[in-house]
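The structure under discussion appears below in the form of structure tokens.
Where a number appears in this text, it was derived from the coordinates with a stated rule and is not lab data. Keep in mind the model is a prediction, meaning the values are calculated, not measured. As a convention, Cβ positions derive from the backbone with ideal geometry for all residues, glycine included, and neighbour counts pool all protein chains shown.
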4 protein chains.
Amino acid sequence: MKDGLRVTVWNEGVHDKRDRKVMDIYPEGMGKAIAGYLAEQPGIASVRVAELGDKGQGLTDTILAKTDVMTWWGHCAHDQVTDENAAKVKQRVLEGMGLVVLHSGHFSKVFKSLMGTGCDLKWREIGEKERLWVVDPAHPIAEGLSEYFELPHTEMYGEHFDIPQPDQLVFISWFEGGEVFRSGCCWHRGLGKVFYFRPGHETLPIYRNETVLRVIYNGIRWAAPSGLKKLVRGNVQPLENVNRNG
Amino acid sequence: MKDGLRVTVWNEGVHDKRDRKVMDIYPEGMGKAIAGYLAEQPGIASVRVAELGDKGQGLTDTILAKTDVMTWWGHCAHDQVTDENAAKVKQRVLEGMGLVVLHSGHFSKVFKSLMGTGCDLKWREIGEKERLWVVDPAHPIAEGLSEYFELPHTEMYGEHFDIPQPDQLVFISWFEGGEVFRSGCCWHRGLGKVFYFRPGHETLPIYRNETVLRVIYNGIRWAAPSGLKKLVRGNVQPLENVNRNG
Amino acid sequence: MKDGLRVTVWNEGVHDKRDRKVMDIYPEGMGKAIAGYLAEQPGIASVRVAELGDKGQGLTDTILAKTDVMTWWGHCAHDQVTDENAAKVKQRVLEGMGLVVLHSGHFSKVFKSLMGTGCDLKWREIGEKERLWVVDPAHPIAEGLSEYFELPHTEMYGEHFDIPQPDQLVFISWFEGGEVFRSGCCWHRGLGKVFYFRPGHETLPIYRNETVLRVIYNGIRWAAPSGLKKLVRGNVQPLENVNRNG
Amino acid sequence: MKDGLRVTVWNEGVHDKRDRKVMDIYPEGMGKAIAGYLAEQPGIASVRVAELGDKGQGLTDTILAKTDVMTWWGHCAHDQVTDENAAKVKQRVLEGMGLVVLHSGHFSKVFKSLMGTGCDLKWREIGEKERLWVVDPAHPIAEGLSEYFELPHTEMYGEHFDIPQPDQLVFISWFEGGEVFRSGCCWHRGLGKVFYFRPGHETLPIYRNETVLRVIYNGIRWAAPSGLKKLVRGNVQPLENVNRNG
């Protein structure tokens with residue numbers, strides 16, 4: 001990582017092209033809003049926006065091979081991502097690519113297949129207040145934050161969130177309407193890392209919020225490829241002398 | 001569970017019908033060898049053997065509905081289990097059914113889709129010694145055991161085992177040839193529980209070993225349905241008064 | 001455990017003897033209120049109340065030797081428990097005794113020394129509403145519950161709760177005043193198990209609430225001694241032939 | 001951390017001053033052997049060796065205040081570290097200082113009080129072979145390694161190692177004599193991080209091994225202060241309007 005991370009912001013890019021409300025908030029598209037912030041941060045070598053409407057759904061072998069960490073936002077077109085492409089992204093994660101899944105990305109093919117569960121949840125869209133509490137204050141994803149931060153108007157996501165127990169739980173959200181949610185969750189998968197981060201919605205300017213963007217950036221840094229580069233599988237010879245009846 | 005657990009021992013049942021070596025060890029079939037032990041244990045109401053060759057691959061809705069915990073052994077015919085049946089079993093786990101995956105079941109469709117990873121590993125078949133150490137001595141799956149137990153002749157499985165970090169790691173295996181393996185692994189998935197237990201092989205009498213059978217039984221008890229019976233999902237009303245701009 | 005669990009409800013027993021408000025709610029003492037419920041549940045062989053004011057602070061070797069699971073409530077007299085007695089209780093947990101720590105017991109010597117952290121938190125006493133959400137619906141401690149339950153008037157505890165990451169997190173509390181809290185936390189320690197459960201306060205009738213009592217009972221069942229009975233430590237002989245330069 | 005980490009290598013420094021065998025291997029002292037390697041690595045601003053025989057046992061407020069990550073090696077003089085000094089180090093960890101505990105440091109006052117368990121284990125000193133397998137290949141502490149590495153002659157440590165379940169388990173050791181050991185274990189504690197790494201012995205040149213030193217370095221990087229800088233505790237005001245009967 002000496003020269004910094006190569007980030008791909010994968011953005012479904014459907015709402016931002018046809019819904020007036022979304023276009024007002026993100027005239028440049030939601031992907032570019034996120035990418036613009038990231039491009040200015042230290043340790044980031046390059047940021048690319050890739051979309052469902054791009055060639056190869058923005059998930060070509062070339063793009064995947066040159067991505068250290070991918071962020072994923074999708075909502076209304078999860079089913080349009082081909083099974084083959086979803087499988088390729090998952091495979092890249094198992095081989096070491098970091099993945100930061102945002103908000104409604106919880107229902108994407110990629111996230112569900114990496115989790116092994118239904119990934120369902122409760123939701124409500126009345127613009128209520130959310131307060132995200134840091135419950136793992138030693139975690140690098142909490143770097144630079146205060147012990148909580150608020151989003152004044154959000155779509156609510158509530159428990160039970162059908163995910164495996166996170167390896168590390170960084171944030172728990174409090175919602176004005178009475179629910180809680182595990183909003184920042186970390187897992188290792190094969191050689192790769194996955195961070196799920198709840199905030200974000202197409203009709204609210206969540207990705208204009210500096211703290212939200214900071215957490216996404218922290219998540220990218222945490223999810224950066226590290227650890228082993230490759231592993232041996234299959235039938236192997238003994239490492240010690242064994243004299244058996246095999 | 002007042003009247004005991006209803007257990008289904010799902011057995012691929014291919015080797016035991018055609019390979020002389022396997023038939024010599026398990027003339028009644030591997031499934032019946034396991035089921036015979038279980039049927040005599042306290043807290044077990046009924047034990048059924050179901051096989052790939054049965055009607056509906058032994059995975060009919062009727063069987064699944066009447067199973068509290070299922071054990072799973074497969075090896076050479078993982079691909080013959082239909083995607084639909086694998087999905088049904090997974091769904092039943094998410095709804096509360098316990099699942100105890102044995103040995104080569106690590107590569108079954110059901111286990112891989114519940115884990116979200118490749119589930120690959122190293123292996124070697126020379127009949128070497130395995131010693132399983134208890135590393136979570138407070139765990140109910142270790143009930144009645146000593147701090148380690150040995151299997152004199154086994155197929156080796158070695159790390160890296162491509163699974164998510166277990167919620168609880170009960171056993172670590174030592175192999176004569178120089179490898180280690182996370183041999184007893186627990187996860188919660190939705191309303192259900194999954195226990196992976198390594199020992200077992202078609203050409204070695206592993207399921208004649210009392211300690212191995214005891215661990216399978218302990219795993220079934222641990223994986224028994226408990227906790228919630230159902231969950232609410234989807235769009236919900238606020239539980240508190242919220243006066244917002246929704 | 002064939003004949004059921006022997007439970008000791010350890011109760012500080014100071015407030016209940018001198019504070020009018022507490023005496024009004026628990027005229028029989030808080031310990032007896034809890035013990036009375038437990039004594040009628042299946043699988044419980046005996047329930048004893050032990051208090052700080054008893055001989056040996058209610059923590060004699062005889063009591064400890066005959067206790068399978070201990071519940072612990074303390075608040076204003078944590079420091080009066082002798083270091084020696086706290087160390088004895090901790091040692092019994094490491095040897096297999098279950099421990100269910102209630103509410104303000106988070107600051108007891110026993111709990112702090114088993115956790116290895118400060119165990120501090122935020123608090124507020126205005127009688128606000130608490131809603132406890134089940135976030136691990138497969139967990140046996142959630143048996144018989146709905147997906148959440150409410151306490152209309154509680155003392156608030158808020159994050160950050162300075163504990164090690166729980167091995168299993170069962171409940172997260174929502175508080176009317178804006179906080180969240182990890183309210184049901186499980187850990188293994190040596191041969192023993194520890195469950196921390198937040199609800200409870202001396203001036204509110206929390207231990208008259210059936211769901212709260214049910215969770216305490218579930219916690220006791222979960223924390224029951226299981227797993228190994230003993231372990232070998234110290235200098236050991238090789239289990240395999242080793243021909244080295246030792 | 002822009003300018004790099006300030007590391008203190010705390011070394012008991014008793015064996016290295018009086019035992020001929022140890023002096024032959026580490027004529028400069030074991031602390032300096034480790035420090036010399038670290039001082040040349042990227043991202044390290046400064047490395048200091050502190051010893052039990054130093055003023056204030058090498059644990060003065062000044063040293064602690066200027067230490068981002070401390071490594072700890074002790075063996076025969078654990079009891080000589082004062083309770084007050086052990087408590088100060090623990091407190092610094094809870095406030096954010098990283099701690100990398102080496103080998104026989106498992107029995108230090110600091111480690112035991114941070115773990116909350118007995119930290120006992122099996123051991124044997126015949127110079128047998130150890131092979132450390134990476135079981136969490138995505139972990140930054142495995143950066144730059146192969147899937148296993150070997151130490152030809154080591155003191156054996158065997159399970160059960162009486163520690164809390166690690167938040168992340170990076171290495172499992174295989175020993176020639178038949179044991180296994182959780183050799184690389186990570187925990188968060190308060191605002192700080194703790195890494196336990198098994199290899200190392202006073203009479204074997206373990207800290208001359210490049211891979212061992214690399215892992216210590218990786219552990220220091222992982223344990224570097226990150227996350228929150230401070231937390232609020234105690235009695236707090238509501239963040240939301242609450243109208244209750246307090």
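Below are the figures for this structure:
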{"read-out": "Ascending list, in nanometres, of distances separating the C:K66 label from those of the other copies (7 Å, Cα toward Cβ)", "value": "4.7, 6.0, 7.6"}
{"read-out": "0 to 90° range, to nearest 10: angle between helix C:30-39 axis and chain C longest Cα axis", "value": "70"}
{"read-out": "Chain B residue with Cβ closest to the axis mapping B onto A, distance in whole Å", "value": "B:G116, 2"}
{"read-out": "Using distinct alpha-carbon pairs, which all enter the 1/r mean, Kirkwood radius of the stretch D:165-207 in Å", "value": "11.9"}
{"read-out": "Per-residue HN-Hα couplings for the stretch C:226-242 [Karplus 6.51, -1.76, 1.60; θ = phi - 60°; Hz; x = Gly/Pro]", "value": "8, x, 6, 9, 7, 9, 8, 10, x, 6, 10, 7, x, 8, 10, 5, 10"}
{"read-out": "Percent of alpha-carbon pairs separated by more than 24 Å within the stretch C:45-152", "value": "37"}
{"read-out": "Estimated FRET transfer efficiency (A:V236, A:E28; beta-carbon r; R0 45 Å; 0.05)", "value": "0.30"}
{"read-out": "Residue order, fewest to most surrounding Cβ atoms within 10 angstrom, among A:C76, A:C119", "value": "A:C76, A:C119"}
{"read-out": "Equivalent ellipsoid, the stretch A:113-203 (semi-axes from 5 times Cα gyration tensor eigenvalues, Å)", "value": "22, 17, 10"}
{"read-out": "Calculated Rg and Dmax of the protein assembly as shown using C-alpha coordinates, Å", "value": "27.7, 80"}
{"read-out": "FRET efficiency estimate (nearest 0.05) - Cβ-Cβ, B:E150 to D:D19, R0 41 angstrom", "value": "0.65"}
{"read-out": "Share antiparallel - DSSP beta bridges, chain A, percent rounded to 5", "value": "55"}
{"read-out": "Using a 7 Å Cα-to-Cβ projection, A:A45 label spacings across copies, nm, ascending", "value": "2.7, 6.0, 6.5"}
{"read-out": "Residue-by-residue Karplus 3J(HN,Hα) for the stretch B:42-48, coefficients 6.51, -1.76, 1.60, Hz, glycine and proline x", "value": "x, x, 9, 7, 7, 9, 10"}
{"read-out": "Rg to Rh, two decimals, where the stretch D:150-246 supplies the alpha carbon set and Rh follows Kirkwood", "value": "1.23"}
{"read-out": "Built amide H within the under 5 Å cut-off of D:E155, gap 5+", "value": "none"}
{"read-out": "A:E84-A:E125 pseudo-label distance in nm [points 7 Å out on the Cα-to-Cβ vector]", "value": "3.3"}
{"read-out": "Net charge of neighbours whose Cβ lies under 11 Å from the Cβ of D:E179, counting Lys and Arg as +1 and Asp and Glu as -1", "value": "-3"}
{"read-out": "Sequence-separation-based contact order of chain A, relative, with Cα cut under 8 Å and 6+ spacing, percent", "value": "20"}
{"read-out": "When the stretch D:1-80 is reduced to its Cα atoms, the Kirkwood hydrodynamic radius in Å", "value": "13.1"}
{"read-out": "Karplus-derived HN-Hα couplings along the stretch A:187-198 (A = 6.51, B = -1.76, C = 1.60, θ = phi - 60°), whole Hz, x at Gly and Pro", "value": "9, 8, 9, x, 8, x, 10, 10, 10, 9, 10, 5"}
{"read-out": "Fraction of antiparallel bridges per DSSP, the stretch B:70-167 only, in percent to nearest 5", "value": "75"}
{"read-out": "Distance cut-off 14 Å, percentage of C-alpha pairs in the stretch D:54-98 lying past it", "value": "48"}
{"read-out": "More than 34 Å apart - percent of Cα-Cα pairs taken over chain B", "value": "15"}
{"read-out": "For B:V100, distant residues with modelled amide H under 5 Å away", "value": "B:M70, B:T71, B:W72, B:F195"}
{"read-out": "DSSP bridge pairs, the protein assembly as shown: antiparallel proportion in percent, nearest 5", "value": "55"}
{"read-out": "Spatially proximal lysines relative to C:K21 (Cα-Cα < 28 Å; intrachain offsets below 8 disregarded)", "value": "C:K32, C:K55, C:K109, C:K122, C:K129"}
{"read-out": "Across the identical copies, how the C:K229 labels are spaced - nm, sorted shortest first, 7 Å along Cα→Cβ", "value": "3.8, 5.3, 5.7"}
